[in-house]
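Structure, as C-alpha cells:
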Amino acid sequence: MREGVMPMDFRDIDWHSDRPDDVAVASDWSRTVITPLAHTDPRLSAVVEALAATHVNGGAQLAQFEFSAAPAVRWALSRNRWNEFDLLGRFFRHPSVVATLPAVKEIKPTISAFQMEGTFTTYGRLAGWVREGGAYKKFSGSDEEALQLTREFMRAVCEMRFSETCTWVNWMPWTRWFLDVAWDGTFLWFDTRRGIATVLMVTDTD
C-alpha cells in the first residue's frame, strides 16, 4: 500500500443500501483511484519467476493495484460484483493497469469468461500450475517446494486470509498477449481488508 495512506476496508458492508444503477457506477468509476504498487513482494516474484522459467515460449506477468473507490464502486466491490457494471472491463482498461501490465493491451470479448472461484480452490490450482510447468519445461523442484512457493505467494497476496479475499479466474485468451493454447490463465485476487487487487497472467505454447 502507499506509504502514509490508510487502506480502504471493503469488508464493512451496509446490507440495507440500494443497488446503484449503471449511471451511478459510471460516474463513481471516474472518481475511483487505482494506484499500482511500486514494489513487488519477493514472495510474489518467486512464483512469477518459476512460471516464466517453465513457460518458455510465453511467460508470466504480475502486478498489484490499490483501490480507493467512490461509493457506487465500493458497493459493488465489497459485494464481489466484479462481473457486474463491466467492472472487470473497466479495471483492465484503466490507464494505470494498462501502463503497468502490458499483457492487458488489446482486450478481446473473452474477458467475459472470468469466473468467480473459491480462494482455497485457487490456492491449490496455482500450486498445480507451478508444479506442472508449461508446454516443454516442468518445474525442477518437488511437489512440496511448489506448495511452499504458492503458500508464500498467498501470504503476500492476502496474508492467508482466504475468507476475506475474492478470487476470479479466466482460462481464455482474453487479450492478444495470450497464445491461445492450453496454458492460458489469469488469476485475480482482491484483498477486501486492504483494497488491493493482485493480477497474475500466464501463457505458453507448444
Item to check | Those residues of segment 72-121 which are open to solvent by 70 Å² or more (accessible area, probe 1.4 Å) and more than 25 Å from ASP12 (Cβ to Cβ), in sequence order | outcome: ARG93, PRO95, ALA99, PRO102, LYS105, GLU106, PRO109, SER112, GLN115, THR121
Item to check | segment 141-176, residues that are among the charged types (D, E, K, R) and under 17 Å from GLN64 (Cβ atoms) | outcome: GLU152, ARG155, GLU159, ARG161, GLU164
Checklist entry - Just wondering, is there one or more residues in segment 10-32 that are within 17 Å of the chain's Cα centre (by Cα), farther than 26 Å from PHE178 by Cα, open to solvent by 30 Å² or more (accessible area, probe 1.4 Å) and of a type outside the set (Lys, Arg)? => result no
Next on the checklist: Anything in segment 112-137 that is within 17 Å of PHE190 (Cα to Cα), among the aliphatic types (A, V, I, L, M) and assigned to a helix (DSSP H, G or I)? List them, or say none.
Outcome noted: LEU126
Checklist outcome for this item: Taking segment 67-82 and keeping residues out of contact with any Leu (no Cβ under 8 Å at 6 or more places or on another chain) and touching a residue at least 60 places away in the same chain (Cβ under 8 Å) leaves SER68, ARG74, SER78, ARG79, ASN80
Checklist entry - Of the numbered conditions (1) of a type in the set (Phe, Trp, Tyr); (2) touching a strand residue (DSSP E or B) at 6+ places or on another chain (Cβ under 9 Å); (3) part of a helix (DSSP H, G or I), PHE10 satisfies every one except a single condition; which is it? => result (3)
Checklist entry - Filtering segment 138-156 down to residues that are open to solvent by less than 40 Å² (accessible area, probe 1.4 Å) and either in a helix (DSSP H, G or I) or among the β-branched types (Val, Ile, Thr) (or both), which residue is farthest from ASP191 (Cα to Cα)? => result ALA146
Next on the checklist: Could you go through segment 19-37 and let me know if any residue there is of a type in the set (Asp, Glu) and assigned to a strand (DSSP E or B).
Outcome noted: no
Item to check | One residue from ARG31, ARG90 being under 18 Å from MET201 (Cα atoms), in contact with a helix residue (DSSP H, G or I) (Cβ under 9 Å, 6 or more places away or on another chain) and of a type in the set (Lys, Arg) | outcome: ARG90
Next on the checklist: Kindly evaluate VAL98 against the criterion of being of a type in the set (A, V, I, L, M, F, W, C), under 12 Å from ILE34 (Cβ atoms) and touching a Phe, Trp or Tyr at 6+ places or on another chain (Cβ under 6 Å).
Outcome noted: no
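The values are calculated or read from the model by the stated rules, or taken from the named source; none is laboratory data. In this text the structure is predicted, and so the values were computed from the model without any measurement. No Cβ is skipped: glycine too gets one built from the backbone with ideal geometry, and neighbour counts run over all protein chains shown. These area figures cover heavy atoms from the full protein model, side chains too; ligands, DNA and RNA do not enter into them. Shrake-Rupley method; radii C 1.70, N 1.55, O 1.52, S 1.80 Å.
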